Amino acid sequence: MIVCGVELTGSDAVVCLLNLDRGQFSLPECKVRKLSLNKHHTREDLKQFQAAFAALMAEHHVTSVAIKERMPKGKFAGGAISFKLEAAIQLIDGNDLDVRLLSPALIKSTLAANPLPIPFAETGLKIFQETAFTAEYVGHMAK
């Protein structure tokens, strides 16, 4: 089962893939590290982003998407554009893609009960993918 972890920042969706097969985790090869929404944020731009995201999920046979939830207000509030990206991902057509939002509290409690099996530095991923990696791991463990 392949999960795609997503961190939404500004007009970017940082992605990372994680596969769980017979109790073993692996990181499938994926050249795409982030998908961006065009600067105009029009309806067509959102549809293009959604299509590109859906195509990436289909290409890698992803069955579940775990998005780190952003707070709607307060110090760590998400921006308006990131909420549009979240909605575009949640509204992808098809029943074969499970999209879930993971609250910071769920992420913290899951990591406390099930620590990451390896340090992030040993994954070979880019540092900006760390939050997406954590989201996908928690997405696997919280199921």
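The values are calculated or read from the model by the stated rules, or taken from the named source; none is laboratory data. On a predicted model such as this, the values are computed, not experimentally measured, just so you know. FYI the Cβ positions are ideal-geometry reconstructions off the backbone, even for glycines, and counts take in every protein chain you see.
Could you check, for region 10-24, whether at least one of its residues is within 23 Å of THR123 (Cα to Cα), touching a residue at least 40 places away in the same chain (Cβ under 8 Å) and surrounded by fewer than 13 Cβ atoms within 10 Å (Cβ to Cβ)? No, every residue in region 10-24 fails to be within 23 Å of THR123 (Cα to Cα), touching a residue at least 40 places away in the same chain (Cβ under 8 Å) and surrounded by fewer than 13 Cβ atoms within 10 Å (Cβ to Cβ). Of all the criteria given as (1) at pLDDT 90 or above; (2) over 16 Å from THR131 (Cβ atoms); (3) surrounded by fewer than 17 Cβ atoms within 10 Å (Cβ to Cβ); (4) under 16 Å from the mean Cα position of the chain (by Cα), the one not satisfied by MET1 is (1).
Within region 35-47, the residues that satisfy the criterion of being surrounded by 12 or more Cβ atoms within 10 Å (Cβ to Cβ) and either without any contact (Cβ under 8 Å) to a residue 40 or more places away in the chain or assigned to a loop (DSSP other than H, G, I, E, B) (or both) are LEU35, SER36, LEU37, ASN38, HIS41, ASP45. Inside region 48-64, can you point out the residues that are in contact (Cβ under 8 Å) with a residue 40 or more places away in the chain and over 13 Å from the mean Cα position of the chain (by Cα)? GLN50, HIS60, HIS61 - these are the residues of region 48-64 that are in contact (Cβ under 8 Å) with a residue 40 or more places away in the chain and over 13 Å from the mean Cα position of the chain (by Cα).
Would you confirm whether or not region 65-76 contains a residue that is surrounded by 17 or more Cβ atoms within 10 Å (Cβ to Cβ), part of a strand (DSSP E or B), under 14 Å from the mean Cα position of the chain (by Cα) and small (Gly, Ala, Ser)? Checking region 65-76: at least one residue is surrounded by 17 or more Cβ atoms within 10 Å (Cβ to Cβ), part of a strand (DSSP E or B), under 14 Å from the mean Cα position of the chain (by Cα) and small (Gly, Ala, Ser). Against the definition (surrounded by 20 or more Cβ atoms within 10 Å (Cβ to Cβ) and part of a loop (DSSP other than H, G, I, E, B)), how does VAL62 come out, yes or no? It is true that VAL62 is surrounded by 20 or more Cβ atoms within 10 Å (Cβ to Cβ) and part of a loop (DSSP other than H, G, I, E, B). Just to verify a result, which residue in region 86-99, among those that are without any contact (Cβ under 8 Å) to a residue 40 or more places away in the chain and in a loop (DSSP other than H, G, I, E, B), is nearest to LEU35 (Cα to Cα)? Per the criteria, the residue is ASP93.
Residue-level analysis places GLU86 among those that are under 13 Å from ALA13 (Cβ atoms), surrounded by 12 or more Cβ atoms within 10 Å (Cβ to Cβ) and under 15 Å from the mean Cα position of the chain (by Cα). Exactly one residue out of PHE83, PHE25 is farther than 17 Å from PHE128 by Cβ and either touching a helix residue (DSSP H, G or I) at 6+ places or on another chain (Cβ under 9 Å) or part of a strand (DSSP E or B) (or both): that is PHE25.
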